[in-house]
Amino acid sequence: MNRRTVSSALSLETVFGVLSERRKRYALYVLHWTEGNAMSVGQLARRIAEKEGGGANGDDPSRERIAKDLRQRHVPELVAMNVVEYDGRSETVRYHCVPSLEEWLEHAAYKEGEHPDC
């Protein structure tokens, strides 16, 4: 995988704050196990809609609401924490390996049955 490791550690409060929000957690699961750790906001919204019970492809209104929520709230917050980078022109979100988050992210994914090895 093409990963960029971010050396700055997140506080435990920040890590658990990120993981306590379902939509952020789902976004990070999807990005973490995607080749290249990147995808468009639209693709990410579709995958999150599927996880949230929106059917095989997530229904359109659900995807649109999720994409709006990602653009306006979750992605900017994750960018501010240096967990993802965002290219507004292509609307691409790229996850960075943050060691202080990675361990807990993988554990949460395993507990929720989202880890690829489950």
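Considering only 40, 20, 62, give the residue with the highest GNM mean-square fluctuation for the chain, with springs between Cα atoms whenever their separation is below 10 Å.
20
Mind giving me the nanometre distance, one decimal, between the label points for residue 97 and residue 33, set 7 Å out from Cα along Cα→Cβ?
1.8 nm
For a bin width of 5 Å, list the pair-distance distribution of the stretch 22-118 built from all Cα-Cα distances, rounded to whole %.
3, 14, 26, 26, 20, 10, 2, 0
Between 0 and 90 degrees, rounded to the nearest ten: what's the tilt of helix 99-112 against the longest Cα principal axis of the chain?
50 degrees
Tilt of helix 41-51 relative to the longest C-alpha principal axis of the chain, in degrees (0 to 90, nearest 10)?
Computed tilt is about 80 degrees.
Using the Cβ atoms and a cut-off under 12 Å, what net charge is assigned to the surroundings of residue 14, where Lys and Arg are +1 and Asp and Glu are -1?
Here the count lands on -2.
Give me the angle, in degrees from 0 to 90, between the Cα long axis of helix 22-32 and the longest principal axis of the Cα atoms of the chain, rounded to the nearest 10.
On a 0 to 90 degree scale, this one is about 80.
Mind checking the dipole of the chain: about its Cα centre, +1 per Lys or Arg Cβ, -1 per Asp or Glu Cβ, Debye to the nearest 20?
280 debye
Report the antiparallel proportion of the DSSP beta bridges in the chain as a percent, rounded to a multiple of 5.
90 percent
Which one of 74, 27, 113 is farthest out on the positive end of the charge dipole of the chain, using unit charges on Cβ (Lys, Arg +1; Asp, Glu -1) and the Cα centre as origin?
The one lying farthest along the dipole's positive direction is 74.
Order of 24, 51 from fewest to most other C-beta atoms within 10 Å?
So the residues, fewest neighbours to most, are 51, 24.
With each run of n ≥ 4 DSSP H residues scored as -39500 (n - 2.57), what mean residue ellipticity at 222 nm is computed for the chain after dividing by its residue count and rounding to the nearest 500 deg cm²/dmol?
-15500 deg cm²/dmol
Provide the FRET efficiency to the nearest 0.05 for the residue 22-residue 89 pair, computing r from the beta carbons and using R0 = 35 Å.
0.80
Where a number appears in this text, it was derived from the coordinates with a stated rule and is not lab data. Just so it is clear, the model here is predicted, and its values are computed rather than measured. Cβ coordinates were reconstructed from backbone atoms using ideal geometry, including for glycine residues, and neighbour counts include every protein chain displayed.
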